[in-house]
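Visitor: First the structure, which I've put down as structure tokens, then a few questions once you've had a look.
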Amino acid sequence: MKKKVIIINFLMSLIVLSAMLFQTVHSYEHLLTQLKEKHCEHHTSANQKEITHSHSVDTKCPICHFAFSTFIPNSFQSLTFEKIQIETSSVFLYTKSVSTFFKGSLFALRAPPAL
């Protein structure tokens, strides 16, 4: 059992290390694409300020923006239940009377308790 735990811990640390290493190697890929692009020379005069074209930079790379975090956002909406309280007044009456009509118990009239 201990050997399994040691192997699983080693594999998990290897997975985290490879994810970080892959991100580093991927950043070199962006560097190589920038070096392979043709250099752009701007010919402008001192009096003119004009924008003739734009340079695109890949800023939305999901591999470069990957980061480990411990927070997982909730994707469900929470419901709140509110208890409605109705105020009632209770009346207590106490009478002492003895019924001589029924003696004993009748099992045919048993029912589940009322909730």
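The values are calculated or read from the model by the stated rules, or taken from the named source; none is laboratory data. The structure displayed is predicted, hence computed values, not measured ones. Note that each Cβ is placed from the backbone with ideal geometry, even for glycine, and that neighbours are counted across all protein chains shown. Ligands, DNA and RNA are excluded from the accessible area calculation, which covers all protein heavy atoms including side chains. Shrake-Rupley method; radii C 1.70, N 1.55, O 1.52, S 1.80 Å.
So that you can scan it fast, the table gives a plain yes or no per residue for (1) under 30 Å from residue 24 (Cβ atoms); (2) modelled with pLDDT of 75 or more; (3) open to solvent by 100 Å² or more (accessible area, probe 1.4 Å); (4) outside any loop (DSSP other than H, G, I, E, B):
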site	(1), (2), (3), (4)
40	yes, no, no, no
45	no, no, no, no
48	no, no, yes, no
60	yes, yes, yes, no
77	no, yes, yes, no
83	no, yes, yes, no
95	no, no, yes, no
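Visitor: Further question: Might you let me know whether the range 16-34 holds any residue that is surrounded by 10 or more Cβ atoms within 10 Å (Cβ to Cβ), assigned to a loop (DSSP other than H, G, I, E, B) and at pLDDT 75 or above?
Guide: No, that holds for no residue.
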